[in-house]
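To start, the structure itself, in structure tokens.
The values are calculated or read from the model by the stated rules, or taken from the named source; none is laboratory data. Since we're looking at a predicted model, the values are computed, not measured. Cβ placement follows ideal geometry from the backbone for every residue including glycine, while neighbour counts extend to all protein chains displayed.
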Amino acid sequence: MAKDTKGITAKKAENFSEWYTQVIQKAELIEYSPVSGCYILRPNAYHIWEKVQEFFNKLIKEHGVKNAYFPLFIPESLLNKEEDHVEGFAPEVAWVETGGKTKLKERLAVRPTSETIMYDAYSKWIRSHNDLPLKLNQWCNVVRWEFKHCTPFLRSREFLWQEGHNVFATEKEVQEDTLTILDFYEKMFEELYAIPTLKGRKSESEKFAGAYSTYSVEILLPNNKAIQGATSHNLGQNFAKAFDISFTDKDEKKQLAWQNSWGISTRSIGAMIIMHSDDKGLVLPPRVAPVQAVIIPIIFEKTKEQVLKAAKKLQTALKKSGIEVELDAREQYSPGWKFNQWEMKGTPLRIELGPRDLEKDQAVVARRDTGEKKAIPLKSLPNEAKNLLEDLHNSLLKKAKDYLSNSIVQVTTKKEAEKAIKENKIILAPWSGTEESEKEFKEKTGAQSLNSPSKQPTLKDKKCFLTGKEAKYWFYFGKSY
Ligand code: 87F
């Protein structure tokens with residue numbers, strides 16, 4: 001089959017799902033596989049994941065976390081050890097029941113998350129207060145057998161993530177650590193993905209059942225839907241009890257340990273694509289882009305040699321200043337066709353270099369986000385390109401921040417809340433936190449609780465916007481993935 005080289009034919013605002021499907025395939029991020037709900041991450045997508053690993057590894061290693069790897073297969077008896085944990089999730093577990101032709105004595109779960117297998121080992125490793133804190137992370141794949149419609153990155157049956165699992169001697173330490181990790185996620189979304197988040201605590205109904213409390217960073221996508229970006233759970237002593245993770249303290253007394261777990265997955269890549277991309281295709285924040293700048297020489301027979309020579313020289317200079325740069329000197333394609341291709345792939349900067357530019361010792365640089373073009377002297381280009389990449393990151397972040405802050409409406413009554421949700425806003429409202437009130441509101445408006453912001457406005461004189469009773473905290477509500 002001939003390669004489909006046409007541009008994106010669907011509009012983001014008109015036919016969002018077709019637009020998304022085209023972008024991820026035409027930007028060569030995703031290929032479909034023979035297994036429904038399982039997708040191939042092509043090099044352009046995997047590069048983004050490697051940048052996430054690089055950024056996050058640096059943060060957690062400085063914080064004293066070490067990487068390890070635990071087995072993919074989890075014995076059924078282990079998975080069932082903490083009841084609240086699998087309850088509700090059980091339908092999504094995939095099982096291995098035979099090895100070759102032999103039926104296994106005990107079924108093995110394909111890892112849906114690793115609390116149980118890790119904490120089984122933790123109970124052997126942790127004996128005394130000297131063994132604490134223990135901070136381990138693993139980068140791996142997990143399987144959750146989804147029955148809802150799958151979408152590449154956003155919901156798939158197998159996905160990649162990191163899962164961190166820390167253990168402490170005290171409640172104070174674990175709570176502090178849970179929030180520190182949440183800050184790391186917020187930082188990564190802003191500094192790598194150029195995405196602002198809403199940081200806070202989940203409601204009782206939305207928290208992980210095996211946890212004391214769950215915290216999240218939430219993202220508002222331009223289709224007005226919120227999506228959870230990452231989570232950090234304070235597990236309290238729930239798992240320590242089930243797995244006997246205990247230690248003798250300084251007074252030789254036996255104590256149960258305090259734990260947290262935290263994760264971010266390849267779902268975040270989907271959020272990034274939706275956040276920044278447009279009708280021409282992918283828009284990549286420069287820090288995750290596999291190619292940050294592409295040089296496109298404008299070739300005529302007469303001046304070909306000089307232009308190519310200058311283009312190569314420019315490429316070397318840009319590389320030297322730390323920019324990932326490619327030179328697209330293919331002669332079978334026109335410059336215009338190449339422009340469209342690189343735009344579709346989200347490349348932050350395009351550098352056009354033709355004979356007339358060369359005469360003036362300059363090149364023309366176009367930004368992917370705004371399309372803005374500017375002639376820049378060749379001599380200052382390495383420096384200027386670096387500045388432009390920084391600037392591009394900052395404008396993507398600012399645009400997303402402005403959109404987010406313009407989408408939040410602070411309300412105090414149900415009527416105001418319903419109106420705002422109808423207008424596709426996120427509301428911030430004083431809430432009692434009861435499950436019934438959330439359920440009723442969701443049935444009526446389609447909006448659910450997102451989280452309760454870390455920085456709270458005052459609750460003085462405020463009643464719950466749904467029940468009229470005592471309000472416990474300000475909470476964000478919105479339509480969500
Ligand atoms: C699906 C099947 C079995 C989510 C599941 O969020 C178990 C589970 O425990 C399950 N789906 N969860 C919750 C995962 C909690 C926690 N694990 C570490 C995270 C972050 C990383």
Item to check | Tally of residues being closer than 20 Å to Thr214 by Cα, at pLDDT 95 or above and assigned to a loop (DSSP other than H, G, I, E, B) across the stretch 435-454 | outcome: 3
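Scan the stretch 57-106 for residues that are near the ligand (Cβ under 10 Å from one of its atoms) and either in a helix (DSSP H, G or I) or touching a His at 6+ places or on another chain (Cβ under 7 Å) (or both) and report the count.
7
Table: residues versus (1) under 30 Å from Glu82 (Cα atoms); (2) assigned to a loop (DSSP other than H, G, I, E, B); (3) charged (D, E, K, R).
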residue	(1), (2), (3)
Ala242	yes, no, no
Lys250	yes, yes, yes
Gln255	yes, no, no
Asn260	yes, no, no
Gly263	yes, no, no
Met272	no, no, no
Arg287	no, no, yes
Gln332	no, yes, no
Lys338	no, no, yes
Next on the checklist: Take the conditions within 13 Å of the ligand (Cβ to nearest atom) and either of a type in the set (Asp, Glu) or in a loop (DSSP other than H, G, I, E, B) (or both) and apply them to Phe159. Does it pass?
Outcome noted: no
Checklist entry - Only one residue in Val294, Val283 is more than 16 Å from the ligand (Cβ to nearest atom), in contact with a helix residue (DSSP H, G or I) (Cβ under 6 Å, 6 or more places away or on another chain) and under 23 Å from Gln228 (Cα atoms), so which one is that? => result Val283
Next on the checklist: Of everything in the stretch 207-221, what is surrounded by 18 or more Cβ atoms within 10 Å (Cβ to Cβ) and part of a loop (DSSP other than H, G, I, E, B)? Give them in sequence order.
Outcome noted: Lys207, Phe208, Gly210, Ala211, Tyr212, Leu221
Next on the checklist: Return the residues of the stretch 107-143 that are assigned to a loop (DSSP other than H, G, I, E, B) and either within 12 Å of the ligand (Cβ to nearest atom) or touching an Asp or Glu at 6+ places or on another chain (Cβ under 9 Å) (or both); say none if nothing qualifies.
Outcome noted: Arg111, Pro112, Thr113, Ser114, Leu132, Pro133
Next on the checklist: Checking Glu146 against (1) among the charged types (D, E, K, R); (2) more than 12 Å from the ligand (Cβ to nearest atom); (3) in a loop (DSSP other than H, G, I, E, B), only one condition comes out false. Which one?
Outcome noted: (2)
Item to check | the stretch 366-408, residues that are farther than 23 Å from Leu192 by Cβ and not in a helix (DSSP H, G or I) | outcome: Ala366, Gly371, Glu372, Lys373, Lys374, Ala375, Ile376, Pro377, Ile408
Checklist entry - Restricted to the stretch 170-200, and to residues that are crowded, with 19+ Cβ neighbours inside 10 Å and farther than 25 Å from Glu50 by Cα, which residue is nearest to the chain's Cα centre (by Cα)? => result Gly200
Checklist entry - Got at least one residue in the stretch 226-240 being in contact (Cβ under 8 Å) with a residue 40 or more places away in the chain, near the ligand (Cβ under 9 Å from one of its atoms) and farther than 21 Å from Thr170 by Cα? => result yes
